[in-house]
1. Please list, ordered by residue number, the helices (runs of 4 or more DSSP H) wholly in region 8-113 having 3 or more residues that are assigned by TED's automatic domain parsing to the domain that holds residue 124 and modelled with pLDDT under 95.
2. State the number of residues belonging to region 160-191 that are surrounded by 15 or more Cβ atoms within 10 Å (Cβ to Cβ), part of a loop (DSSP other than H, G, I, E, B) and touching a strand residue (DSSP E or B) at 6+ places or on another chain (Cβ under 6 Å).
3. Across region 263-308, what is the number of residues that are more than 26 Å from residue 231 (Cβ to Cβ), more than 19 Å from the chain's Cα centre (by Cα) and in contact (Cβ under 8 Å) with a residue 40 or more places away in the chain?
4. Going by the structure shown, is residue 223 over 16 Å from the mean Cα position of the chain (by Cα) and assigned to a loop (DSSP other than H, G, I, E, B)?
5. Identify, please: which residue in region 149-159 is under 13 Å from residue 32 (Cβ atoms) and touching a strand residue (DSSP E or B) at 6+ places or on another chain (Cβ under 6 Å) and is, among those, modelled with the lowest pLDDT?
6. Let me confirm something: among 310, 279, which residue is under 30 Å from residue 5 (Cα atoms), part of a helix (DSSP H, G or I) and at pLDDT below 85?
7. Yes or no: region 203-216 includes at least one residue that is surrounded by 18 or more Cβ atoms within 10 Å (Cβ to Cβ), in contact (Cβ under 8 Å) with a residue 60 or more places away in the chain and touching a strand residue (DSSP E or B) at 6+ places or on another chain (Cβ under 6 Å).
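The values are calculated or read from the model by the stated rules, or taken from the named source; none is laboratory data. Owing to the predicted nature of the structure, the values given are computational and were not obtained by experimental measurement. Quick reminder, even Gly has a Cβ in these numbers, built from the backbone with ideal geometry, and neighbours come from all protein chains shown.
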């Protein structure tokens, strides 16, 4: 007898339908507004707050619906394991992963566990030996009061703002998982930028070694803040995207780090066309799980536009082993 294959399907669901699905005992990864998540019963699910989605009908903003990834075909002998991590235990995530399988993780934006993961994930034990994919939860950017949270189904409607949640999934030997990334950006030839402190916002920095106001530099040089900062993190190009410039401070969707040299990215000739061109290259791929950056959603004006098989939450950051920004990440489940 051949092993049953694991599959993941994604769809938008209203609250009552989601409650019914949870009652069946299926293993789920959920993205929804906090108000909806707070009404969910206990079950085999993890979740993150976000009101932005890519559905089969196109991009949308909704507080009434959730995007749900259903993980099916799992072996009763090795069922998925749901786990909570904090800033001190998140380093175990790769060691906790199954010997043959994958992990989906959700971290709340601007939390201590988010900062720890962003800074140290490449150094975690066993990292890069097992596929780890996921996203950063967030909130509606048009609202003044906000706090990103995650949800842990075994605890019912428990919502957490300083912990991460993960689901570890075993695969049969006849199946394997691959993680892929779409990133449009490379460093330009501009000056090196170093930040004086590590964190999700910055006031001062060094421009080619000279201390300067980062917000003044952006204004004086006419920097397009749709372009991320790009740095080399342990041999991997990583984007750090700007969220806003306000009151002489610059806020980021991922932390910048003291001791790392950044440059702004090269401008794209046509952001929308280039992003859509990359999307077309993978249009026929067998996508099991995907998430897309909020900035791709905003700058490519994806509301109401379909991205084909790329459905899922629109996020404040993407996880493809380590933290990424302004990317799209996706997971393939393939037979050997």
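1. Working: elements: 15-23, 34-37, 93-96.
Where helices (runs of 4 or more DSSP H) fall fully within region 8-113, none carries at least 3 residues being assigned by TED's automatic domain parsing to the domain that holds residue 124 and modelled with pLDDT under 95.
2. 6
3. Within region 263-308, residues that are more than 26 Å from residue 231 (Cβ to Cβ), more than 19 Å from the chain's Cα centre (by Cα) and in contact (Cβ under 8 Å) with a residue 40 or more places away in the chain number 5.
4. Details: over 16 Å from the mean Cα position of the chain (by Cα): yes; assigned to a loop (DSSP other than H, G, I, E, B): yes.
Yes.
5. Restricting attention to region 149-159, the residues satisfying the condition of being under 13 Å from residue 32 (Cβ atoms) are 149-151, 153, 157, 159.
When the remaining residues are screened for being touching a strand residue (DSSP E or B) at 6+ places or on another chain (Cβ under 6 Å), the result is 149-151, 153, 159.
Working: 149: 97, 150: 98, 151: 97, 153: 97, 159: 93.
Among them, the one singled out is 159.
6. Working: 310 fails: part of a helix (DSSP H, G or I).
Testing whether each residue is under 30 Å from residue 5 (Cα atoms), part of a helix (DSSP H, G or I) and at pLDDT below 85 leaves just 279.
7. The answer is no; no qualifying residue exists.
Conditions (1) within 29 Å of residue 205 (Cα to Cα); (2) buried (at least 20 other Cβ atoms within 10 Å of the Cβ); (3) modelled with pLDDT under 80, marked per residue:
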site	(1), (2), (3)
259	yes, no, no
266	yes, no, no
283	no, no, yes
286	no, no, yes
302	no, yes, no
316	yes, yes, no
